Amino acid sequence: DGFTAQQLFNQGVCYTYDDVIFHPGHIYFPAHEVDLTCNVTKNIKLRVPIVSSPMDTVTEAEMAITMASLGGMGFLHYNNTLEEQLRQVQKAKSHTPGFIVTPAVLSPTDTVSKLYDLKASRGFSSVCVTDSGSLGGRLLGLVTTRDFDFVTDRMTPLAEVMTTDLVTAPEGTTPEAAAELLKKIKKNKLPIVNAAGELVGLATRAAAKESRSLPAPGAPSLDSAGRLRVGAAVGTRESDKERVRALWQVAGVDAVILDSSQGDSTYQISMIQHIKASHPGLDVIAGNVVTGAQARRLIEAGADGLRVGMGSGSICTTQEVCAVGRGQATAVYHVARVANALGVPIIADGGIQNSGHITKALALGASAVMCGSLFAGTTEAPGEYFTLNGQRVKKYRGMGSLEAMAKGSESRYLSDTQALKIAQGVSGAVKDKGSVRRTVPFLAQAVKQGFQDLGANSISAARELLYGGGMRVEARTNAAQAEGNVHDMVAFEKRPW
Ligand code: XMP
């Protein structure tokens, strides 16, 4: 009954996630017992197999910190200077795990008007005030909505409205201790300061309450020194060698991604060989690839992980513009088959729109998924909210869009002419999605339920079913896909993310 993946994906047709459906397996365990622990590279384990994409509208320090705090991992983009990228890695590596709120910070001479701007663009209702106007400055006060609601003169400096009588907690306070203290002092915010009185983080009642009500995510992703895991993307130009050296030796990055839409190149092979020879201990994720032959070449060069997908991303036009690529479900299956046999994990990158897509990618052999659009438009994504056709949105753009390339990302697309740029992506906007602190735990829980239905209590159990032929799959007709979605009704409930 049904087909093995081997049969389905070898018929001269390529499929994407929505085209395929799995037969349910036999359930012999509760969903909460499903273990989603995965290796995102040969040497890096994550409890939640979800990572954020190195795109300049998706992952900067705040996203990387939050993803790692939730048990996943973030990969910082490199559409910036080396100094800026180093600063982002260092910010993430020095973050105290648990305090997942990065406070908004202003200086005492900033005005109430600036506070309203911040409220509209970033959604903050309170800010910390420090002498430098940034995190790391000496804490002077806190301004909450209650302090400025009735202030009529918007030019009033914050020094005049801020609360200075503050309860703070010392650096190193555990999240549990901070939650207890918030309960005891009956306040909503608890700034965390170091011995010099400098602001290092903020614990909030809302974050504490939310983390209690959400399904448990994984434990934070930490390196051997207890710091959050963080990855970063680089290119394959000569100058990228210095970027890699500094990211590893100065900032302590955990893994680098060689960021290219077509990774099967001599440039990547020599970059992998250079990194493995010069920086033992640093993991390299190569790609992107979509075939077993491409995967084998990069693995033989020394790749510790592979990113899979070409033209499957929501903002991608690679398949349209360059006539190359592959349906994502087929690409994941074929690359995973080669890479898993050689002991190298793969990340299914692009095209993930819901928890079902994640379950499908993992069941087809991926060790983790990488998301762009799912996380764009969240509070943690870079950029500011604005209103478009009455909706609150944030910008989301492909790294091969003209707009992103104008800022320097054209090396991802091996563009060798400055005169004529060919875009392989678009730019646009996505709806406000709230915080990834809500999205990721929901996705992880939904994937656990999917695994339970498949009868696999871990990623390795799913592998046994996949390669042993116990996993049965079929392609869906358009009508079957329509039947599998909500139909013939007006739905009142939306997905929680
Ligand atoms: P999603 O579907 O999650 O996809 O939004 C994110 C992934 O898309 C890739 N990416 C691009 N692909 N042109 C492309 O062909 C682009 O401009 C572009 N920008 C990003 C990338 O792999 C990312 O993780």
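The values are calculated or read from the model by the stated rules, or taken from the named source; none is laboratory data. As the structure is a prediction and not an experimental result, all values here were calculated from the model. Ideal geometry is used to build each Cβ from the backbone, glycine not excepted, and the neighbour counts take in all protein chains shown. Just the protein is used for accessible areas: all its heavy atoms, side chains included, with ligands, DNA and RNA removed. Shrake-Rupley method; radii C 1.70, N 1.55, O 1.52, S 1.80 Å.
Observations, loosely collected:
- Pick from segment 330-380, criterion of a type in the set (Val, Ile, Thr) and assigned to a helix (DSSP H, G or I), ranking: farthest from the ligand (Cβ to nearest atom): 338
- Being among the β-branched types (Val, Ile, Thr) and either in contact with a Phe, Trp or Tyr (Cβ under 7 Å, 6 or more places away or on another chain) or touching a residue at least 40 places away in the same chain (Cβ under 8 Å) (or both) is a condition met by at least one residue of segment 152-161.
- Pair list, Cβ < 9 Å and 6+ apart or interchain, from segment 192-213 residues that are closer than 10 Å to residue 169 by Cα and modelled with pLDDT under 80 to residues that are among the charged types (D, E, K, R) and in a helix (DSSP H, G or I): none
- Scope segment 285-310; condition in contact (Cβ under 8 Å) with a residue 40 or more places away in the chain, in contact with a helix residue (DSSP H, G or I) (Cβ under 9 Å, 6 or more places away or on another chain) and more than 13 Å from residue 335 (Cα to Cα); matching residues: 303, 304
- Matching residues in segment 116-127 - criterion: being at pLDDT below 85 and crowded, with 21+ Cβ neighbours inside 10 Å: 126
- Selection of segment 451-466 for residues being in contact with a helix residue (DSSP H, G or I) (Cβ under 9 Å, 6 or more places away or on another chain) and either free of Cβ contacts under 8 Å to residues at least 24 places away in the same chain or surrounded by 21 or more Cβ atoms within 10 Å (Cβ to Cβ) (or both) yields 451, 454, 456, 459, 461, 462, 466.
- Summed over segment 222-276, the residues that are within 20 Å of the chain's Cα centre (by Cα) and hydroxyl-bearing (Ser, Thr, Tyr) give a count of 2.
- Counted residues, segment 57-74 - those being within 8 Å of the chain's Cα centre (by Cα), under 15 Å from residue 47 (Cβ atoms) and among the β-branched types (Val, Ile, Thr): 0
- Some residue of segment 81-92 being more than 25 Å from residue 136 (Cβ to Cβ), modelled with pLDDT under 95 and more than 16 Å from the ligand (Cβ to nearest atom): no
- Residue count, segment 382-430 (criterion: part of a strand (DSSP E or B) and either modelled with pLDDT under 85 or within 14 Å of the ligand (Cβ to nearest atom) (or both)): 9
- Qualifying positions in segment 74-93 - among the hydrophobic types (A, V, I, L, M, F, W, C) and out of contact with any Asp or Glu (no Cβ under 8 Å at 6 or more places or on another chain): 75, 86, 89, 92
- Among the criteria (1) touching a helix residue (DSSP H, G or I) at 6+ places or on another chain (Cβ under 9 Å); (2) assigned to a helix (DSSP H, G or I); (3) of a type outside the set (Asp, Glu), the one residue 277 does not fulfil is (1).
Yes/no matrix, rows are residues, columns are (1) surrounded by fewer than 18 Cβ atoms within 10 Å (Cβ to Cβ); (2) outside any helix (DSSP H, G or I); (3) in contact with a Gly (Cβ under 9 Å, 6 or more places away or on another chain):
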| site | (1), (2), (3) |
| --- | --- |
| 244 | no, no, no |
| 251 | no, yes, no |
| 272 | no, no, yes |
| 285 | no, yes, yes |
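- Residues satisfying the stated conditions in segment 300-313, i.e. open to solvent by 10 Å² or more (accessible area, probe 1.4 Å) and within 16 Å of the ligand (Cβ to nearest atom): 310, 311, 312, 313
- Looking across 130, 102, 109, one residue alone is β-branched (Val, Ile, Thr), more than 26 Å from residue 57 (Cβ to Cβ), crowded, with 16+ Cβ neighbours inside 10 Å and in contact (Cβ under 8 Å) with a residue 24 or more places away in the chain. It is 130.
This table checks each residue for (1) open to solvent by less than 20 Å² (accessible area, probe 1.4 Å); (2) of a type outside the set (A, V, I, L, M); (3) more than 15 Å from the ligand (Cβ to nearest atom); (4) in contact with a Lys or Arg (Cβ under 8 Å, 6 or more places away or on another chain).
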{"site": "259", "(1), (2), (3), (4)": "yes, yes, no, yes"}
{"site": "276", "(1), (2), (3), (4)": "no, yes, yes, no"}
{"site": "291", "(1), (2), (3), (4)": "no, yes, yes, yes"}
{"site": "298", "(1), (2), (3), (4)": "yes, no, yes, no"}
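- Residue within segment 318-328 that is surrounded by 22 or more Cβ atoms within 10 Å (Cβ to Cβ) and touching a strand residue (DSSP E or B) at 6+ places or on another chain (Cβ under 6 Å) present: no
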